[in-house]
């Protein structure tokens with residue numbers, strides 16, 4: 001079976017997911033899978049340089065821009081795909097060029113499209129675009145793939161996709177070796193600060209925990225700028241709202257003891273997996289499908305949504321945890337993530353998905 005993994009995203013998470021599976025399958029040298037990968041030139045994360053690695057010049061966002069209409073480059077990509085005659089094309093992220101490829105690629109190929117957000121998040125400025133893109137790929141792809149079980153029925157309800165065409169698979173990432181804790185008693189809020197990420201909750205929680213140090217790392221959506229400005233004034237909050245390199249991201253997780261997700265809504269979260277990659281347990285509101293990602297008491301703690309006082313109480317309790325007890329929880333979080341989300345361990349379920 002000849003398989004092409006595709007992401008045109010300039011998002012490091014999407015690249016790591018795609019390149020991680022390619023790397024694992026390529027190194028496994030399986031007889032039943034001839035694996036190839038396509039991504040953007042100059043990606044943010046490393047990708048193996050092999051004869052099966054195909055990097056292209058494409059628009060870096062799924063929206064409409066001047067580069068979107070580079071028909072010469074798009075035609076070149078489609079021609080290459082048709083010449084190679086792939087049996088399976090797996091699109092890990094949404095992109096307008098996905099649609100053109102789906103319409104123009106040879107009929108032999110089975111098309112899998114992963115959708116990370118079935119329903120747009122509260123306050124998402126791109127909500128209409130997300131819905132339109134979801135509708136389009138649901139019509140063109142042979143199979144729709146989700147990273148959680150909870151929203152599988154919603155694809156049928158919202159987009160009219162037959163249940164037989166909707167698949168679910170746990171996400172995967174490349175995992176480093178276990179990172180020993182630094183026992184800093186710091187709590188990390190990581191990722192782009194949007195309304196649905198609960199910046200309003202974070203502000204109240206930080207105020208309720210004046211003795212806890214919070215590291216807030218991520219770009220700021222203008223809709224929450226006022227709350228972010230208030231966060232910056234708190235003496236127990238350090239803020240990095242600029243561009244974050246891979247090394248700075250790793251340092252942020254390594255230097256924290258806890259990862260916090262006081263979200264107002266969610267589907268699944270890559271931040272949870274990043275926490276596990278560095279052996280850092282999570283504290284999160286039980287929203288969306290986060291309960292599928294966090295095992296209560298084993299890899300972190302789930303809090304009743306919107307109860308900021310209870311969340312703050314758990315944060316204070318967590319940072320005061322005995323070192324031996326925290327070390328045990330840290331190792332459990334890493335092992336839980338390694339088993340559930342490591343790319344090397346996801347090969348069999350990925351192959352089962354595309355073969356079945």
Verdict on residue 115 being under 19 Å from residue 272 (Cα atoms), surrounded by fewer than 19 Cβ atoms within 10 Å (Cβ to Cβ), modelled with pLDDT of 95 or more and under 21 Å from the mean Cα position of the chain (by Cα) = no
Kindly indicate whether any position in the stretch 344-354 is over 17 Å from residue 180 (Cα atoms) and not in a helix (DSSP H, G or I).
-> no
Of everything in the stretch 142-165 that's assigned to a loop (DSSP other than H, G, I, E, B) and within 21 Å of the chain's Cα centre (by Cα), which residue is farthest from residue 90 (Cα to Cα)?
-> 150
Could you list, in sequence order, the residues of the stretch 182-200 that are outside any strand (DSSP E or B) and either under 22 Å from the mean Cα position of the chain (by Cα) or farther than 15 Å from residue 283 by Cβ (or both)?
-> 182, 183, 184, 191, 192, 194, 195, 196, 197, 198, 199, 200
Please tell me if residue 332 is out of contact with any strand residue (DSSP E or B) (no Cβ under 7 Å at 6 or more places or on another chain) and over 25 Å from residue 17 (Cβ atoms).
-> no
Note on the stretch 238-264: residues surrounded by fewer than 21 Cβ atoms within 10 Å (Cβ to Cβ) and outside any helix (DSSP H, G or I) are 238, 239, 240, 241, 242, 243, 244, 245, 255, 264
Is the stretch 288-305 home to any residue that is assigned to a helix (DSSP H, G or I) and closer than 19 Å to residue 13 by Cβ?
-> yes
Subset of the stretch 12-43 (residues that are assigned to a loop (DSSP other than H, G, I, E, B) and surrounded by fewer than 16 Cβ atoms within 10 Å (Cβ to Cβ)) | 29, 30, 31, 32, 41, 42
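Per-residue answers, yes or no, for (1) closer than 17 Å to residue 147 by Cβ; (2) in contact with a helix residue (DSSP H, G or I) (Cβ under 9 Å, 6 or more places away or on another chain):
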{"site": "313", "(1), (2)": "no, yes"}
{"site": "317", "(1), (2)": "no, no"}
{"site": "326", "(1), (2)": "no, yes"}
{"site": "354", "(1), (2)": "yes, no"}
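Do we have residue 312 as surrounded by fewer than 22 Cβ atoms within 10 Å (Cβ to Cβ) and in a helix (DSSP H, G or I) here?
Taking the combined requirement at face value, the residue satisfies it.
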When the stretch 134-151 is examined, which residues are found to be surrounded by 17 or more Cβ atoms within 10 Å (Cβ to Cβ) and touching a helix residue (DSSP H, G or I) at 6+ places or on another chain (Cβ under 8 Å)?
-> 134, 136, 137, 138, 141, 143, 144, 145, 146, 148
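The values are calculated or read from the model by the stated rules, or taken from the named source; none is laboratory data. As the structure is a prediction and not an experimental result, all values here were calculated from the model. Virtual Cβ from ideal backbone geometry, glycine too; neighbours counted across all protein chains shown.
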